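The values are calculated or read from the model by the stated rules, or taken from the named source; none is laboratory data. Note that the coordinates shown come from a computational prediction; the quantities given were computed from them, not determined experimentally. When we count neighbours, we look across all protein chains shown, and the Cβ atoms used for this are built from the backbone with ideal geometry, even at glycine. Remember, those area values only see protein heavy atoms, side chains included, never the ligands or the DNA or RNA. Shrake-Rupley method; radii C 1.70, N 1.55, O 1.52, S 1.80 Å.
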Amino acid sequence: MAVMGSSLARNMARHGYRVALYDHWVDQTQKMMAAHGGEGAFVPAGTVEDFVTSLERPRRIVLLVKAGDVTDQVIDSLLPHLEEGDIVVDGGNSYYEDTRRREAKLRELGFHFVGAGISGGEVGALEGPSIMPGGSKESYEALGPLLEDISAHVDGEPCCAYIGTDGAGHFVKMVHNGIEYADMQFIGEAYELLKAAGLSLEEMAQVFETWNTGDLDSYLIEITSQVLRQVDARTGAPLIDVIVDAAGMKGTGTWTVQSALTLGIPVNAIAEAVFARAVSSHPELREHAQAALAGPDRTIEVTGDARQQLIDDIRDALWASKVVAYAQGLDEIRSAGKEYGWEINVAEVAKIWRDGCIIRAKLLERIRSEYAANNLVTLLEAPSVKSELERCQGAWRRVIAAAVGAGVPVPGFSAAVAYYDMARAPRVNAALTQGLRDFFGAHTYRRIDDEGSFHTLWSGDRSEVKVD
Ligand code: 6PG
């Protein structure tokens, strides 16, 4: 009955469901009832047993607890009271491998376990989040209508759809968060560049506001203007200038990158967003580097038309980089789907991200329709995306060159364009890597004109031998 749990319960009650409430700390439930008890049909329970037995069968129990050991403890406390076919839903940001483990354990006992990613924060939970449920198809039949009801809607369509078995829902939510990290990093880089070009905070807020009326239209761009305009009540200074520049994280972005590494899927733009937070939160490194390292002073001299051109270029660089982060995240989802047998429908994922979640953006409708209409390996090849990338790429490269020249760090933009260039290159530098590996470690290489593996006798007569 903390913020997310009570908001979701209120959302269900507002949709006409009778909702039983339980919290380990009874006063939490009492507080929730005192503040919102009048909003719907709530049935507060004092014990786990009362809570479970008050539910209709199959029981649909939604947990909103801190991801980790607590989730296991709460599940264990429910087990003695469950009956065959009951459904336990974990709505937290759990690691998908934990979800797979829990699902297997509960399935063995005759219960359903659904790892459901829920995005949208407190307001989303109350007014309509985006929901990404995994677990068995059978559990979705009992659960789906309720989750769809309480989710956000776009043109009457719910931002909730069955994702795939066991950990699929939490995997997709994890990648959502990885994209969220990248989105924020790109916005941060755009902000740094606008600052380098001499824009005031109010001018920047106006720029983001304008961008939010075009292709960049998204929740994160929208709230950027609000954060930039916020004045600190204590000092009268802009709030942004009194916030310590060290970004925190709970770890879902890191998991996205770790899982991509395990799957062998390149998500370098998302990784740079995670590493940018790591640099920001490494005071020792920053202190020593600030004292030791020289370089340009992060100003970009522009006036008149050139200034507006730079602003427009930054917009295009931001859009193109954002597309790359989505392409990487969706590639990771698609690959994980194959690896784990989830059969994930990428168009459906884009569809349920169109509203309710933190990365909601106009771009997601384009992504949905492109995946629905084409059999895409990468979002970058989608007809309307590739033509727009082609249009943006001059600006993208100009912005990165200007940033590097002025000493403004743009790790996200740079990683995104490097991915674009590597992916489209007919040959990449890996042939040399293979040659070097073969030289020092006889790791062998494949030839473009023959089958099998080969090794050059580097320390002998340099003739080539076929290895298998
Ligand atoms: C959401 C958010 C939410 C939260 C994350 C990110 O989709 O509603 O992603 O899950 O903001 O925990 O947190 P960190 O930035 O702290 O990792």
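Key figures
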read-out	value
Antiparallel DSSP beta bridges within the chain, percent to nearest 5	50
Degrees, to the nearest 10: 69-78 long Cα axis against longest axis of the chain	30
Accessible surface of the range 170-278 [probe 1.4 Å, protein heavy atoms]: carbon and sulfur percent	56
Exposure of Y17 as accessible area (Å², to 10), given a probe of 1.4 Å and all protein chains	60
Degrees, to the nearest 10: 363-373 long Cα axis against longest axis of the chain	90
Where a label projected 7 Å from the Cα of H443 along Cα→Cβ would reach, residues of the range 406-430 with amide N under 14 Å	429-430
Sites excluded, GluC sites (Glu not before Pro) in DSSP loops with at most 14 other C-beta within 10 Å, longest stretch of the chain	85-300
Which of L147, L263, L285 is most accessible, then next, and so on - probe 1.4 Å	L285, L263, L147
10 Å-binned pair-distance histogram of the chain (Cα, whole percent)	4, 18, 25, 23, 17, 9, 3, 1, 0
Förster-model FRET efficiency, 56 Å R0, A373 and A306, C-beta, rounded to 0.05	0.90
The range 35-106, accessible surface, carbon-and-sulfur percent (1.4 angstrom probe)	49
Label-to-label distance, nm, for residues given as Q226 and E84 (7 Å Cα→Cβ offset)	5.0
Over 27 Å (Cα to Cα) - which of K195/K322; K105/K322; K173/K362; K31/K351 fall in this group	K105/K322; K31/K351
Three-way shape call for the range 325-430 based on the alpha-carbon gyration tensor, with the a/c threshold at 1.5	prolate
C-alpha long axis of helix 168-196 to longest principal axis of the chain, angle in °	50
Accessible-area value, T252, 1.4 Å probe, nucleic acids and ligands omitted, Å²	20
Surface share of carbon and sulfur [accessible, 1.4 angstrom probe, percent] for the range 361-464	56
Residues of the chain: accessible area per residue with a 1.4 Å probe, Å²	48
Contour minus Cα-Cα distance for R101 and E56 (0.36 nm per residue)	13.5 nm
